[in-house]
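The values are calculated or read from the model by the stated rules, or taken from the named source; none is laboratory data. Quick caveat, the model's predicted, so the values are computed rather than measured. Note: ideal-geometry Cβ built from the backbone for every residue, glycine included; neighbour counts use all protein chains shown.
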Amino acid sequence: MSGNFEPTGAELLRFLPEIVLTLAATFLMVLEPLTDRGAKRALPAIALLGLVVALFSAIMAQAQPGLAFSGMIVVDGFTTFFRVLVIAIGILTILISTNYLRQEGSEGGEYYALLLFSIAGQCIMIAANELIILFIGLEASSIATYIMAGYLRDDKRNNEAALKYFLLGSFATAFLLYGIAWTYGLTGTTNLSRVREVLLSPASPDTFLISIAAGLMFVGFAFKVSAAPFQMWAPDVYQGAPAPVSGFMSAGPKAAAFAVLLRVFLTAFEPVKERWEPLLWWSALATMIIGNFAALRQGNIKRLLAYSSIAHAGYVMVAVTAHSEIGTTAAMFYLAAYALTNLGAFALVTHVARHNERYVEVNDFAGLGQRQPVTAALLTVFLLSLIGVPLTAGFFGKFYIFRAALDSNLVWLTILGLLNSALAAYYYLRIIVVMYMQPPSETEEDDLLPMSAGIQFTAWFTAAAVIVLGVYPSLVLDFAGRSAALLR
Amino acid sequence: MHQLWLIPAFPLLGFLINGIFGKKFSKRAVSLFAVGSVLLSFLWVVKTLMAISPLETLYTEHYFTWIASGAALNIGFDLSVDRLTSVMLLVVTGIGSLIHIYATGYMAHEPGPNHGGYYRFFSYLNLFMFFMLILVLAANYLLLFVGWEGVGLCSYLLIGFYFVKKSATNAGIKAFVVNRIGDFGFSLAIFLIFIQFGSLDFQKVFAQAGGLADEVQAGVITATCLLLMVGAAGKSAQVPLYVWLPDAMEGPTPVSALIHAATMVTAGVYMVARSAPLFNHAPIAMEVVAVIGLLTAVMAATIGMTQNDIKKVYAYSTVSQLGYMFLACGVGAYSAGIYHVMTHAFFKALLFLGAGSVIHALQGEQDLRNMGGLRSKIPVTFLTLLCASLAIAGFPYTSGFMSKDEILVAAHHHSPAMFWIGVITASMTAFYVWRALFLCFFGRYRGSAHPHESPLVITLPLGVLALLSILGGFFRVPVWLEPVLGKAPEGHDPALVIISVAAGLIGIFLAWLFYVAKPGLPDTFARALKGLYTLVYNKYFVDEAYDAVIIRPVVDGSRTVLWKGFDVGVVDGIVNGVGSVSRGVGGILRTLQGGSIRNYAALTLLGAVLVLAAVAFTGGAQ
């Protein structure tokens, strides 16, 4: 390591998205107390601007790939892919949230600042080439998300969700930190590439001890992606948190956590893969089964989507288990496809839930096909993509995941995964059936307004993206494939 | 790059605009987008074809990799044109434009909300154009299949357009189900092609077709071609799958003209002609194609002679003419088949549009027995239908004469018996088409409506098509197609031409004798040949036979064995079993998912122990 802490211009460019996001978030925090009620409408616009600038700087950083800050940060195609993804998720989340917050009478700058901090944390995680930086990013992301889950202070459900998420999240993070400590103790470094070199060298420590370190870190990551057996928090938190935040949690933090899981296990711990492969195998299977079986009988749509989110984490886990280039490509594509689909779905759930989230039961969607045909049609597109019907992004996502699994000889996992995805069709189709084939309930007053502009944009944009990726997957797949090839 | 993708993109755009926003548009706006998009597509076809000429080999544009799996399966979104495609493109977009214009007049007076679904009609019609153009432009079998299925979907939607009418929805379902059988065969053929050649690209497949060993040609290629023919028979209404097409006349008349006469139903012929390099190595399959074509031609022509619904007459005529096209392909004269596709598109679209004009004039009357004497009341319609009837009867130098002659000569080259059956069929064709013409326009008016001539948007397309029906044969398609499909058999024997012309004239004369000169004759004949007449009038009882032999057993079997036996007994048993198991599992999960943070933390700890045990003890075994 050099003692020179003066960063070069290229290094700053590689870290530019994080810098932009942090500055924008801090600016929002400062601005918040200085604006009166009427001017608060400008705050989401500033947040959006910050995200758009961050998006461009992430793309610009890709022009200068390489390491930064003594090898603590790495910018490669993989980093750029996930940075662009989480920043885009942030933009869509803001579009879903503005009207929601206005409706709940809680328009505040801190919401947007927290969102930006969370995304900055995720970008740091994604770009981290070093376990301590990774941990800092993960914590920055998580703490901001904990607060967002309880953003509506006076709402009991929000409070419960935030507290649960915070306590359990901290508990799981402790395992991660412990795993990092073990890794450092065994290899004498926290740099991912160095860890790999040490493990490959003749002086490698005992694989039994290293696998303990990997296992401890897996606990932390599995919690963040809501993989079994650490998925318990997800249904409670998704159900309790504000609907736009649930949508965000199912997309952004999850994608970032999978990114670090992929990077750590496929680079640093790759030499001991025969140790963790069976673990991931079982975790993937258990995650799919728990998610899908529990979702079968859910009446609350947010809870149903939470279990569905667990199940989808299971599918991505299948791709990670394959630990191959196509496996990584498939996981990347799937996470992008799932994020788009789920944000679209949560946008519409937010829309139908209305003030105080009174309508979040599946039965509240009865007759939506007649009351708001466009809303119902868009939601149908998302549900079909979640099922994995051809011509949607979800189809190619599942297709490439299971193909990667077959190429890695995970025959049984593929069969069981496919059976699971067949089972999943049941609970998604049920929503479609309720929307189109059941009359609207008599008692409910008909106060469903037209979609707000932000939700409308998000829903149309994500629906279009879902279909475009369902016809033309190479749009994302090619870049993902090239990036996955670099991940070594 | 010549931006071939724009050709299907225009109608797709029209579909999206009308499909999404059409409900709020005025009828004018809907017509503008629908007709405009197809016209643009037509202009783009003309522009590209002129730019790419001479088109002697397949010109392909690759846009993106659509599906890639493993080393072998790599399917691109590729579009291509050559001379064969050029003919189809011009027919589809050219005739398509005319029919779209016609339809704006024909559909203008639909009752009901949104002008009877005016926007819905045109968005379906544009969607059809999109899929048809994909079908024609596809550079591989899978993309062709996408278009193939897409046009099937649109056909279904448009047959059942008047969905409140039970018979219309039934006809839609019938078309869809019958086509399933054909499409199943087609998809099996695609699998076989992929297994044999490792690719679905036309160029790669055809390049390999010649170099195969004899036993492969005799086995796999023959099987592939027979399966392709099953697919073609479904789409192009050949024996034994033709039964859906006559029922498809439940759709609005412009649909009958566009989809069920001029374009979609000829897709099977196009597919066979496109696969000519395969068929050329499968003589047995070609013989089957020829025989099926001939059989269809004869059978449908006989039925056509006895029908009283003007659209049904023309529908059976379509089935019969499609039989001719397959006969041409089967005897190796693919270019003659495509020639007939084109001329048939001219005169059959005109027959249907003319019939539509008659029906329009008579406020929905379709029964020939309630028409008559309309010659003076709707003269433009009469004159144009006269042109079409001359063409289909093979009157010298009309378009129908040119292409039919080409087919019959090729058939004679292959087997004189086929020629003679073809000639007799031609005679019957002339008879039933002229019978319809005489019943409709001559004699005394037998109905009660007040006929009026149709507006210009209807008569203008009729006029253009009439011109094409008479003169369209001078587009020498077989010569144009020579570089792609090879030379048609030589040897124009004037005697053959005279025989086929005479056959057509005899048919016309008999129709005149039966329905103008001596109107009592048909009944005398029907009585004298009662058994035969009843058999033909009831379409050989084919629908009834299918119902008794296939549909009834399937329905009964489904009801007793599959539904009450298997579904209720086995499936429901399993589902309920799974249900109670998952309820049980759900119960356990619910206990675990109690909401208490302390329990969750304890479970997390337990999970961590499990994880550590797993990494420490299981993986190390390897």
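The figures follow:
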read-out: Segment A:173-184, subset crowded, with 22+ Cβ neighbours inside 10 Å and of a type outside the set (Val, Ile, Thr), residue nearest to the other protein chains (Cβ to nearest Cβ); value: A:PHE175
read-out: Filter result for A:MET249 (part of a helix (DSSP H, G or I) and within 14 Å of chain B (Cβ to nearest Cβ)); value: no
read-out: All positions within segment A:217-242 that are farther than 18 Å from B:SER596 by Cβ and at the interface with chain B (Cβ under 7 Å from one of its Cβ atoms); value: A:PHE218, A:VAL219
read-out: A:ALA404 touching a Pro at 6+ places or on another chain (Cβ under 6 Å) and buried (at least 17 other Cβ atoms within 10 Å of the Cβ); value: no
read-out: Options B:HIS100, B:HIS62: the member that is touching a residue at least 12 places away in the same chain (Cβ under 8 Å) and within 30 Å of A:ALA404 (Cβ to Cβ); value: B:HIS62
read-out: Yes/no for A:ALA203 being outside any helix (DSSP H, G or I), within 30 Å of A:LEU486 (Cα to Cα) and at pLDDT 90 or above; value: no
read-out: Selection within segment A:171-217 - hydroxyl-bearing (Ser, Thr, Tyr) and without any contact (Cβ under 8 Å) to a residue 24 or more places away in the chain; value: A:THR187, A:THR189, A:SER201
read-out: Condition broken by A:ASP154, with the remaining ones in (1) away from chain B (no Cβ under 14 Å); (2) touching a helix residue (DSSP H, G or I) at 6+ places or on another chain (Cβ under 9 Å) satisfied; value: (2)
read-out: Qualifying residue in segment A:161-181 (condition: among the charged types (D, E, K, R) and within 24 Å of A:ALA306 (Cα to Cα)); value: yes
read-out: Every residue from segment B:59-79 that is of a type in the set (Val, Ile, Thr) and within 10 Å of another protein chain (Cβ to nearest Cβ); value: B:THR65, B:ILE67
read-out: Cβ-Cβ under 8 Å pairs, at least 6 apart or on other chains, segment A:271-287 side at the interface with another protein chain (Cβ under 10 Å from one of its Cβ atoms), far side surrounded by 21 or more Cβ atoms within 10 Å (Cβ to Cβ) and among the hydroxyl-bearing types (Ser, Thr, Tyr); value: A:VAL272/A:SER211; A:ARG275/A:SER211; A:TRP276/A:SER211; A:GLU277/A:THR321; A:LEU280/A:THR321; A:TRP281/A:THR321
read-out: Boolean, B:LEU143 is within 30 Å of B:GLY198 (Cα to Cα) and surrounded by 24 or more Cβ atoms within 10 Å (Cβ to Cβ); value: no
read-out: Test: residue in segment A:457-479 that is away from chain B (no Cβ under 14 Å), under 23 Å from the mean Cα position of the chain (by Cα) and farther than 22 Å from A:PHE395 by Cα; value: yes
read-out: Verdict on A:SER408 being in contact (Cβ under 8 Å) with a residue 12 or more places away in the chain and hydroxyl-bearing (Ser, Thr, Tyr); value: yes
read-out: Some residue of segment B:473-481 being within 15 Å of B:GLY94 (Cβ to Cβ) and assigned to a loop (DSSP other than H, G, I, E, B); value: yes
read-out: Among the residues listed as B:GLY36, B:GLY14, the single one being in contact with a Ser or Thr (Cβ under 6 Å, 6 or more places away or on another chain) and modelled with pLDDT of 90 or more; value: B:GLY14
